[in-house]
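Only one structure is covered here, and it is reproduced in the block below.
The values are calculated or read from the model by the stated rules, or taken from the named source; none is laboratory data. This one's a predicted model, so the numbers in the text were calculated from it and none came from an experiment. Cβ placement follows ideal geometry from the backbone for every residue including glycine, while neighbour counts extend to all protein chains displayed. Areas reflect the complete protein model, heavy atoms only, side chains present, ligands, DNA and RNA absent. Shrake-Rupley method; radii C 1.70, N 1.55, O 1.52, S 1.80 Å.
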Amino acid sequence: KQWYQRRVAITAGIATETPFDALFDNTGYITVGYYKHDDETIGQSARNITERLGEISGMSGESHVLDLGCGSGRPALDLAVKFGCSVVGLDLSDEHIEMACRSVVGYKAGKKDLQAEFYQGSFLEIPEEIMKQRFTHVIMQTSLFYVHHKAEQLFKQVYTILKPGGLFLATDFYRTPTVDQAQCQDFVTMNSMTKILSLDELKNILLRHKMCLSKHENLDSHLVKSKQHAIKKFYELGLPNEVILPMVKFCTNRMDFVKNGKVTFQLVMAERMK
């Protein structure tokens, strides 16, 4: 939690001093994108990945969706508009939840029947207001990897709040099968992780909590393209070197581990057993 609060503070500082939000076209998104076309912007690609989650999981007006690590709330709200579902968001940052609640007002101007709730808290200790609800979908976008070391704790809760047959979806980093933890240590450190799971390890954890991995989609090429576009745009925005260089290093680290076959970026979907 302390690390996350520092991360939010740093991001807020960058946003105050420079047009950092311009990287994602002021969409309110901060995630790895999904490219339907090569010429799409980073902001559009970020929206695409959220839409992709809704499409492959059959979200509809009957769906009740929980976004764990919801950030500014815009991805969840866009799902509500696109698919007609009701949404709930949870994020550790008070600032993010304040942004999400403000966004609800604007979204309701265009969708009067919008159903959206946002709560501050940890997805390792999901608040009671959320735990008493039952969801058709639980999603996590580039946030699950922060708690690979506590995945058992997370999925115990996810199983409880998912309806039978409900779906868990995440976009996340995983260690490839032939690589051990030591070979990924630089990646783990750079991304403020404690450990990194393989897909097989995730599958076994899910099974222990009566959830079955039903789909995974390799998004490595999208990750690489997203980071290439980000590096290019950092320079185009004319950011100072003290901002650019750490971000370039961060993006390059992710790209190199994926290109070298040590880490893979995947969209995963698991179904709660009935």
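Can you tell me which residues in segment 122-165 are assigned to a helix (DSSP H, G or I), aliphatic (A, V, I, L, M) and either within 19 Å of LYS210 (Cβ to Cβ) or open to solvent by 20 Å² or more (accessible area, probe 1.4 Å) (or both)?
Step one: list which residues in segment 122-165 are assigned to a helix (DSSP H, G or I), which gives 128-131, 144-161.
Keeping just the survivors that are aliphatic (A, V, I, L, M) gives 130-131, 144, 147, 151, 154, 158, 161.
Within segment 122-165, MET131, LEU144, ALA151, LEU154, VAL158, ILE161 qualify.
From (1) modelled with pLDDT of 95 or more; (2) more than 20 Å from TYR146 (Cβ to Cβ); (3) in a loop (DSSP other than H, G, I, E, B); (4) touching a strand residue (DSSP E or B) at 6+ places or on another chain (Cβ under 6 Å), pick out the condition that doesn't hold for GLY261.
(4)
Please list, ordered by residue number, the helices (runs of 4 or more DSSP H) wholly in segment 14-115 having 3 or more residues that are at pLDDT 95 or above and open to solvent by less than 10 Å² (accessible area, probe 1.4 Å). It would help to see each step written out before you state the result.
Values: elements: 42-56, 74-83, 94-110.
Per the criteria, 42-56, 74-83.
All but one of (1) in a helix (DSSP H, G or I); (2) open to solvent by less than 20 Å² (accessible area, probe 1.4 Å) hold for ALA270; state the number of the condition that does not hold.
Exception for ALA270: condition (1).
For segment 166-186, how many residues meet the condition of being open to solvent by less than 60 Å² (accessible area, probe 1.4 Å), farther than 30 Å from MET131 by Cβ and in contact with a Leu (Cβ under 8 Å, 6 or more places away or on another chain)?
The total comes to 1.
Is it the case that LEU219 is surrounded by 13 or more Cβ atoms within 10 Å (Cβ to Cβ) and either of a type in the set (Asp, Glu) or at pLDDT 90 or above (or both)?
Numbers: surrounded by 13 or more Cβ atoms within 10 Å (Cβ to Cβ): yes; either of a type in the set (Asp, Glu) or at pLDDT 90 or above (or both): yes.
Yes.
Filter segment 133-170 for residues that are in contact with a Phe, Trp or Tyr (Cβ under 7 Å, 6 or more places away or on another chain), farther than 13 Å from PHE123 by Cβ and of a type outside the set (D, E, K, R) and give the result.
Initially, segment 133-170 is screened for residues in contact with a Phe, Trp or Tyr (Cβ under 7 Å, 6 or more places away or on another chain), giving 138, 145, 154, 158, 161-163, 166.
Subset that is farther than 13 Å from PHE123 by Cβ: 162-163, 166.
Once the filter is applied, which keeps residues that are in contact with a Phe, Trp or Tyr (Cβ under 7 Å, 6 or more places away or on another chain), farther than 13 Å from PHE123 by Cβ and of a type outside the set (D, E, K, R), segment 133-170 yields LEU162, GLY166.
For segment 230-255, how many residues meet the condition of being open to solvent by 40 Å² or more (accessible area, probe 1.4 Å) and touching an Asp or Glu at 6+ places or on another chain (Cβ under 9 Å)? It would help to see each step written out before you state the result.
Looking only at segment 230-255, we keep the residues that are open to solvent by 40 Å² or more (accessible area, probe 1.4 Å), and these are 232-233, 235-238, 240-242, 245-247, 249-250, 252.
From what is left, the residues that are touching an Asp or Glu at 6+ places or on another chain (Cβ under 9 Å) are 240.
Counting residues in segment 230-255 that are open to solvent by 40 Å² or more (accessible area, probe 1.4 Å) and touching an Asp or Glu at 6+ places or on another chain (Cβ under 9 Å) gives 1.
Considering only residues that are exposed (fewer than 13 other Cβ atoms within 10 Å of the Cβ) and part of a helix (DSSP H, G or I), which ones fall in segment 187-203? Reasoning before the result, please.
Going residue by residue through segment 187-203, those that are exposed (fewer than 13 other Cβ atoms within 10 Å of the Cβ) are 189, 192, 194, 200.
Listed by number, the residues that qualify are THR189, ASP200.
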